[in-house]
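Below: the structure, in structure tokens.
Readers should treat all values here as calculations from the given coordinates under stated rules, not as data from a laboratory. The model shown is predicted, which means the values in this text are computed figures rather than measured ones. Here the Cβ positions follow ideal geometry from the backbone for every residue, glycine too, while neighbour counts run over all protein chains shown.
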Amino acid sequence: MYEKDFLKQLFHKIYTIRIFETECIKLYRQGLIRGYFHPYVGEEATAVGVCSALAEDDYIISTHRGHGHCIARGAQIDRMVAELLGKKTGYCSGLGGSMHIADVQAGNLGANGIVGGGIPIGVGAALGISIRKEKKVVAIFFSDGAANNGVFAESLNLAAIWNLPAIFLLENNHYAVSTPIEQSSRNQNLYERATGYGVHALAVDGNNVIEVFEQTKDARQMCIKGKGPVLIEAKTYRHGGHHVNDPGAYMPKDRLDYFKSKDPVTIAKKHLKEQGKMSESEIEKIEKEVETTMERAIDFAKESPELSFAEFNQMVMGY
Ligand SMILES: Cc1ncc(C[n+]2csc(CCOP(=O)(O)OP(=O)(O)O)c2C)c(N)n1
Ligand SMILES: [Mg+2]
């Protein structure tokens with residue numbers, strides 16, 4: 001059993017990610033967000049479960065589908081919307097955009113548009129922790145497509161032989177763009193790849209925030225005791241196509257319906273009602289609060305200036 005406040009916090013974060021994504025998709029359609037946008041809708045419980053099990057000074061490494069990781073790690077959504085809109089008040093002064101948000105002060109070492117690119121960076125950060133003998137861990141988020149990249153194997157092996165405090169967080173959402181996992185891996189339990197490197201590995205229901213939280217908490221303890229790394233495969237699903245302009249017509253309807261019936265928002269709400277003894281109206285209050293915060297975040301971002309040409313030059317060129 002969990003404390004009501006903790007369950008409330010989990011739901012608040014999951015719902016914030018959902019609203020952030022759905023509202024930003026609208027901004028994208030209005031032409032206010034340029035470039036690519038890879039929604040995290042359907043996968044929210046993984047980011048929130050993982051980040052809720054981390055300590056304040058731990059690190060995360062994110063991906064091209066990274067808005068949820070940032071929010072779960074504690075990013076302010078007004079500065080995130082501003083970043084997506086290319087504004088000066090964004091986390092990277094609007095120069096990073098959707099796929100490159102970093103918030104180093106909060107322990108978010110950054111997202112990466114290069115699939116698998118964050119994995120060795122995370123291992124490097126874990127090596128730094130190990131050399132400095134700190135009691136910290138790095139949670140490295142990546143998905144099934146990245147696990148087919150050679151750098152995954154190399155990074156995992158290095159982390160294993162050096163017992164690094166790294167939690168490899170494989171978000172198996174069953175797709176790499178339009179390629180289903182069945183077409184890219186004979187063994188669909190991707191966590192089993194890690195056991196071949198002598199790494200403790202397991203799978204969890206990525207849509208159940210409590211399960212993800214529990215397993216990450218244990219993995220963190222192992223890492224802190226010098227028994228890392230650990231690989232957790234969170235089985236989850238995208239609720240739509242690869243990016244906002246992909247209708248996802250290749251996703252079988254029955255499979256999508258199955259995962260929608262296991263919606264992370266609904267599951268977190270159920271925890272709140274059953275274990276937290278919260279009423280529907282109390283939950284609605286949280287939802288309203290999140291929606292209002294998002295409305296303010298959008299106003300803040302819209303009203304924010306872009307970098308001036310001189311500021312841009314100074315930041316990018318250094319003169
Ligand atoms: C090295 C590299 N190859 C290809 C791409 C193009 N690309 C962008 S996202 C993506 C699919 C990634 O799939 P996965 O790792 O499963 O992440 P998901 O989109 O499911 O979160 C690809 C191939 C890229 N960005 N980087
Ligand atoms: Mg994937």
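The set of residues in the stretch 152-166 that are closer than 21 Å to ARG186 by Cβ and either within 16 Å of ligand 2 (Cβ to nearest atom) or buried (at least 19 other Cβ atoms within 10 Å of the Cβ) (or both) comprises PHE152, LEU156.
Could you tell me whether any residue of the stretch 117-128 is of a type in the set (A, V, I, L, M, F, W, C), within 16 Å of ligand 1 (Cβ to nearest atom) and either in a helix (DSSP H, G or I) or in contact with a Ser or Thr (Cβ under 6 Å, 6 or more places away or on another chain) (or both)? Yes, that holds for at least one residue. Any residue that is touching a residue at least 24 places away in the same chain (Cβ under 8 Å), closer than 21 Å to ALA55 by Cβ and away from ligand 2 (no atom under 16 Å from the Cβ) - is there at least one of those in the stretch 176-194? Within the stretch 176-194, none of the residues are touching a residue at least 24 places away in the same chain (Cβ under 8 Å), closer than 21 Å to ALA55 by Cβ and away from ligand 2 (no atom under 16 Å from the Cβ). Each residue in the stretch 102-116 was checked for being within 24 Å of LEU10 (Cα to Cα) and within 16 Å of ligand 1 (Cβ to nearest atom), and 2 of them qualify.
Scan the stretch 233-244 and give yes if some residue there is aromatic (Phe, Trp, Tyr) and assigned to a helix (DSSP H, G or I), otherwise no.
At the first step, the residues of the stretch 233-244 found to be aromatic (Phe, Trp, Tyr) are 237.
Now restrict to residues that are assigned to a helix (DSSP H, G or I): none.
No: zero hits.
Looking across HIS242, HIS271, one residue alone is closer than 16 Å to TYR15 by Cα and either of a type in the set (A, V, I, L, M) or buried (at least 18 other Cβ atoms within 10 Å of the Cβ) (or both). It is HIS271. How many residues, within the stretch 219-230, are touching a strand residue (DSSP E or B) at 6+ places or on another chain (Cβ under 8 Å) and either within 17 Å of ALA203 (Cα to Cα) or part of a helix (DSSP H, G or I) (or both)? Qualifying residue count for the region: 7. Scanning the stretch 157-202 for residues that are assigned to a strand (DSSP E or B), within 16 Å of ligand 1 (Cβ to nearest atom) and closer than 17 Å to ILE232 by Cα yields a total of 5. In the stretch 124-137 there is no residue that is within 28 Å of ARG255 (Cα to Cα), away from ligand 2 (no atom under 16 Å from the Cβ), among the β-branched types (Val, Ile, Thr) and surrounded by 21 or more Cβ atoms within 10 Å (Cβ to Cβ). The helices (runs of 4 or more DSSP H) falling completely within the stretch 1-101 that include 1 or more residues that are over 25 Å from TYR258 (Cβ atoms), free of Cβ contacts under 8 Å to residues at least 12 places away in the same chain and more than 14 Å from ligand 1 (Cβ to nearest atom) map to 4-29. Would a scan of the stretch 216-231 turn up a residue that is crowded, with 16+ Cβ neighbours inside 10 Å, under 30 Å from GLU56 (Cβ atoms) and within 16 Å of ligand 2 (Cβ to nearest atom)? Looking through the stretch 216-231, at least one residue is crowded, with 16+ Cβ neighbours inside 10 Å, under 30 Å from GLU56 (Cβ atoms) and within 16 Å of ligand 2 (Cβ to nearest atom).
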